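The values are calculated or read from the model by the stated rules, or taken from the named source; none is laboratory data. Computed from a prediction, not measured in an experiment: that's the story for all the values here. Cβ sites come from the backbone with ideal geometry, for glycine too, and all protein chains shown count toward neighbours. Protein only, heavy atoms only, side chains kept; ligands, DNA and RNA dropped before computing areas. Shrake-Rupley method; radii C 1.70, N 1.55, O 1.52, S 1.80 Å.
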Amino acid sequence: MEIPKQGRSRDEVLAALDELRGADADWRSGRTFSLVYWAGDDVLEVAKAAALRCFSENALNPMAFPSLRKMETQVVGMVASLLSHPDAAGTLTSGGTESILLMVKSARDHARATRPEVTRPRMLLPVTAHPAFVKAAKYFDVEPVFVPVGPDLRADAAAARELCTGEVILVVGSAPCWPYGVIDPIAELAALAQERGILCHVDACVGGLLLPFAERLGTPLAPFDFRVPGVTSMSADLHKYGWTAKGASTLLWRTRELRQRQFLVHADWPGGLFGSPSMPGTRPGGPIAAAWAVMNYLGMEGYLERARTTLETAAALREGIARVDGLRVLGAPPVSVFAVEGVDLDVYALADRLTGLGYFLDRQQRPPSIHFAVTPAHAPHVEQILGDLRDCAAGLRGKGPAEEGQAAMYGMLGTLPDRTAVDGFLLEFLDGLDRT
Ligand SMILES: *Cc1c(COP(=O)(O)O)cnc(C)c1O
């Protein structure tokens, strides 16, 4: 592949682009879960218009585009207030993964500075925590110590206590976790961290802009944010339930001193005095402007309304699924993210059938399950989705594990005892993505 010798017209190029997009998941039909968070075309249009206005601007240098700096400060302030600590020191990042990477790097550097006796830093990581933490562990050489979950699928706080040796510098909890949508026992995990004088991060990437509204709408939730003593940092994505353009998350610290650990300064570069608060160099203005615009467009009332639709839709789906023979929701997920397992059917075979109907669903393991992250896009399709689940499940009950299709592969890879072999398979898969 080379750059074409001669360019094509704008119309030709855009037509070719649309043709490429033809095979993409159709998220507007209510059959795609996760990946796209849609709260109505009015919100989308605000996000797009704002992003286009600042399409070319770059937040790399805070002096050049003071508008971006102001918008960023205000967005971080709004999220901090929502998470019960208006004075939290924060940064707008490119996504949940960057928020988590930055946090782990900072926690490591904080330990290096304050606890030099720790030579091999470790972090307590519930097995359900997002893989971005494992990525951070590998990038920054902080060993993950995996905390099991209890029968309710939440991190086992007693087990965490047992595993909290002197080299642990950080305790992580999720609000909620992605795989099952349940909220870890944040108060217990944070208390443990506080007792030991170490850091505690609450990963509210998916829940940060939903749980506060769920709480206001009457969903009973234990405190999950900076109200909990011992919580030292939080991550909350704007590009999920904040309904903003992709490329926007926040990392918040209880104190400015802690946030300083994430900064990089270099006074000796010929290119000038260099300082950078987060991971990227060039930072697109679009996602910053879109976040600022959507938050101001929706206001608390708009967010509450979207959250209400989201929660009601998720509850309707869960209640309907509970009445489908052969399917069961895992645990007691309080908001919009949940997993469904097969009781007497191969849930991977169910997933294959749903794929055949145009669904795009994540297949999970431990136990085999399919994953739902509900948004208002699903609201008009609840009956259709339940009907499809019922029809697909009906033909599969009592049939045992599928022997063909993706289901057979997932079944095999999920249970293979040699996980290094599965890692090898995943490496080959990634490597093969750019082969025709
Ligand atoms: C989505 C998510 C992340 C990672 O966020 P990205 O924006 O995809 O990088 C981390 N933690 C949880 C709980 C998430 O749901």
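Quick notes
- Segment 278-418: translational diffusion in µm²/s, Stokes-Einstein, Kirkwood Rh over Cα pairs, 4 °C, 1.567 mPa s: 76 µm²/s
- Segment 1-137: relative contact order in percent, alpha carbon pairs under 8 Å with at least 6 residues between: 11 percent
- Ligands, DNA and RNA left out, the 1.4 Å accessible surface of the chain is 56% carbon and sulfur atoms.
- The residue among L311, Q384, V347 whose Cα reaches farthest toward the positive pole of the charge dipole of segment 306-408, with charges on the beta-carbon of Lys, Arg, Asp and Glu, is L311.
- Rounded is the label for the chain, because the ratio a/c of its alpha-carbon gyration tensor axes (a ≥ b ≥ c) stays below 1.5.
- Only the Cβ atoms of Lys and Arg (+1) and of Asp and Glu (-1) were treated as charged; on that basis the dipole of segment 303-344 about its Cα centre amounts to roughly 160 debye.
- Antiparallel DSSP beta bridges within the chain, percent to nearest 5: 60 percent
- Evaluated at q = 0.12, 0.18 Å⁻¹, a Debye calculation over the C-alpha positions of segment 144-222 (equal weights, vacuum) places log10 I(q)/I(0) at -0.34, -0.73.
- This model, with +1 at the C-beta of Lys and Arg and -1 at the C-beta of Asp and Glu, gives segment 91-141 a dipole about its Cα centre of some 140 debye.
- Test item: Cα-centred dipole of the chain, Lys/Arg +1 and Asp/Glu -1 on Cβ, debye: 1000 debye
- Spatial separation of Cα centroids for segment 281-321 and segment 333-380, in angstrom: 22 Å
- Pairs of alpha carbons in segment 176-262 separated by more than 17 Å make up 51% of all such pairs.
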